[in-house]
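> The structure that follows is given in the form of structure tokens.
The values are calculated or read from the model by the stated rules, or taken from the named source; none is laboratory data. What you see is a predicted model, and the numbers here were worked out from it, not measured in a lab. Every residue, glycine as well, gets a Cβ built from its backbone with ideal geometry; the counts of neighbours run over all protein chains shown.
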Amino acid sequence: MSFTKIDHYERGEYRDTHHDSALSVTDGVADQPIVNPYFVKKRRRRLTTDEFVEGILAGNITILSQAITLIESNNPDNYAQAQEIIERCLPYAGNSVRIGITGVPGAGKSTWIEAVGNMVTSLHHKLAVLAIDPSSERSGGSILGDKTRMETICHNPDIFIRPSPSAGSLGGVARKTRETVVLCEAAGFDVIFIETVGVGQSETAVHSMVDMFLLLQISGAGDELQGIKRGIMEMADLMVITKADGENKVKAEVARRQFQNALHLFPTPESDWRAKVYTCSSLEGVGLEEIWKGVEEYLEHTKRNGYFQHHRNEQNKYWMYESINETLKSRFYLNPEIESRIADVEERVLSAKLSSFIAAKELLDIYFGKAK
């Protein structure tokens, strides 16, 4: 190539007409759109209340899931329909055993439910697992990974798994979980497991919506009797030492005896049932049948002495008052006068011009129309 041509190249004036030249540039293919231009998003038709109720009573899992989503929604437009669905399903609910399951982190709650779930359905039961997943305090999001952990039962047609975010409520269980139980019972599930976030304040809320309380514990984690608080142990109707396999089998048996002895020191509960302690291996499937027999013994005992129905009646009363409290709280903060004044009152509290108690009384007086 001559210097003259190079000069032309540098000035951008030369164009090589030879096809085999490395300097020729083709136009190429135009960039394709990221989104398919022919894609049309179809909006799902919202089901009527009749369709929801009919689908739930027929055991349609898809419609049941949609109804639960409606209950969990914070959209005020969904509230009225959700409450109507619950009210219409209520006469078909109540024919199940509700079991709360809790335990220290790492006790193997999901693994235990997976192992027991297959056994329960083999006894011709239908199982609904309501797994409460903790929500992030920062983002408010949840992983909702219980279906991933329960691989062998998530495809079982007689098992319904519903992970739900705690959404910052007390331990992740509140009125919405109880309403979900009603829908699951109406759909034909006669065994309901409510898996809690873990040991903490949530157990009080769970205890107010289940027929029996099952506590999972592990051995070899230090002093077993310090591994959980007395208040939780007093609520337990059955205790299970998990991971009783391999070298841990002897430790699990020692822990079982320690817990059984400790439970005998507690006052006799209202149910007149002395909690029993079992050991099991969820991986090997050992001890699961004995635990389920313990569940059946507890149910037979409490139904015979009338405690079962008495306990449910007390729960219904408890949730009536909880609903009143929740409604009053919601209406208080949504009141226009409170909304317009609360920031000013809060600022006076922060600047130490007003005590917290006087500030609360001032706002309540405004709400009830007693302000001067």
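So that you can scan it fast, the table gives a plain yes or no per residue for (1) small (Gly, Ala, Ser); (2) free of Cβ contacts under 8 Å to residues at least 12 places away in the same chain; (3) part of a helix (DSSP H, G or I):
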residue	(1), (2), (3)
Thr302	no, no, yes
Ser323	yes, no, yes
Leu354	no, yes, no
Ala359	yes, no, yes
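> Here's another thing I want to ask about it. Can you name the residue in region 246-268 that is touching a helix residue (DSSP H, G or I) at 6+ places or on another chain (Cβ under 7 Å) and farther than 14 Å from Ala236 by Cα and, of all such residues, is surrounded by the fewest Cβ atoms within 10 Å (Cβ to Cβ)?
Gln258
> Among the numbered criteria (1) within 23 Å of His125 (Cβ to Cβ); (2) at pLDDT 85 or above, which single criterion is violated by Lys243?
(1)
> If you go through region 268-293 one residue at a time, how many are more than 28 Å from the chain's Cα centre (by Cα) and without any contact (Cβ under 8 Å) to a residue 24 or more places away in the chain?
The qualifying residues number 2.
> Next up: Name the pairs: first residue in region 231-259 and aromatic (Phe, Trp, Tyr), second residue in a helix (DSSP H, G or I), Cβ to Cβ under 9 Å, at least 6 apart or on different chains?
Matching pairs, first to second residue: Phe259/Glu224; Phe259/Leu225; Phe259/Met233.
> Which ones in region 68-89 are without any contact (Cβ under 8 Å) to a residue 12 or more places away in the chain and not β-branched (Val, Ile, Thr)?
Answer for region 68-89, where residues must be without any contact (Cβ under 8 Å) to a residue 12 or more places away in the chain and not β-branched (Val, Ile, Thr): Ser73, Asn74, Asn75, Pro76, Asp77, Asn78, Tyr79, Ala80, Gln83, Glu87.
> Output the qualifying pairs, or none if there are none: Cβ atoms under 9 angstrom, residues six or more apart or on different chains, first residue in region 39-67 and not assigned by TED's automatic domain parsing to the domain that holds Ala186 and at pLDDT below 80, second residue in a loop (DSSP other than H, G, I, E, B) and surrounded by 15 or more Cβ atoms within 10 Å (Cβ to Cβ).
Short answer, once both residue conditions are applied: none.
> Let me ask something else. Taking region 63-99 only, how many residues are of a type outside the set (A, V, I, L, M, F, W, C) and under 18 Å from the mean Cα position of the chain (by Cα)?
Going through region 63-99 one residue at a time, the tally reaches 7.
> Examine region 305-315 for a residue that is of a type in the set (Lys, Arg), assigned by TED's automatic domain parsing to the domain that holds Asn118 and surrounded by 12 or more Cβ atoms within 10 Å (Cβ to Cβ), and state whether such a residue exists.
No; the residues of region 305-315 include none that is of a type in the set (Lys, Arg), assigned by TED's automatic domain parsing to the domain that holds Asn118 and surrounded by 12 or more Cβ atoms within 10 Å (Cβ to Cβ).
> What number of residues in region 46-81 are exposed (fewer than 15 other Cβ atoms within 10 Å of the Cβ), among the small types (Gly, Ala, Ser) and in a helix (DSSP H, G or I)?
Summing the residues that are exposed (fewer than 15 other Cβ atoms within 10 Å of the Cβ), among the small types (Gly, Ala, Ser) and in a helix (DSSP H, G or I) in region 46-81 gives 2.
> Only one residue in Glu195, Glu203 is surrounded by 15 or more Cβ atoms within 10 Å (Cβ to Cβ), under 19 Å from Thr69 (Cα atoms) and modelled with pLDDT of 60 or more. Which one?
Exactly one residue qualifies, and that residue is Glu195.
> Determine whether Ser281 is under 21 Å from Val210 (Cβ atoms) and in the same structural domain as Leu123 (by TED's automatic domain parsing).
No, not satisfied.
> For region 82-135, give me each residue that is in a loop (DSSP other than H, G, I, E, B) and buried (at least 24 other Cβ atoms within 10 Å of the Cβ).
Answer for region 82-135, where residues must be in a loop (DSSP other than H, G, I, E, B) and buried (at least 24 other Cβ atoms within 10 Å of the Cβ): just Ala107.
> Right, here's the next one. Look at Glu296 and say whether it is within 30 Å of Gly106 (Cβ to Cβ), under 30 Å from the mean Cα position of the chain (by Cα) and free of Cβ contacts under 8 Å to residues at least 24 places away in the same chain.
Here the answer is yes, as Glu296 does meet what is asked.
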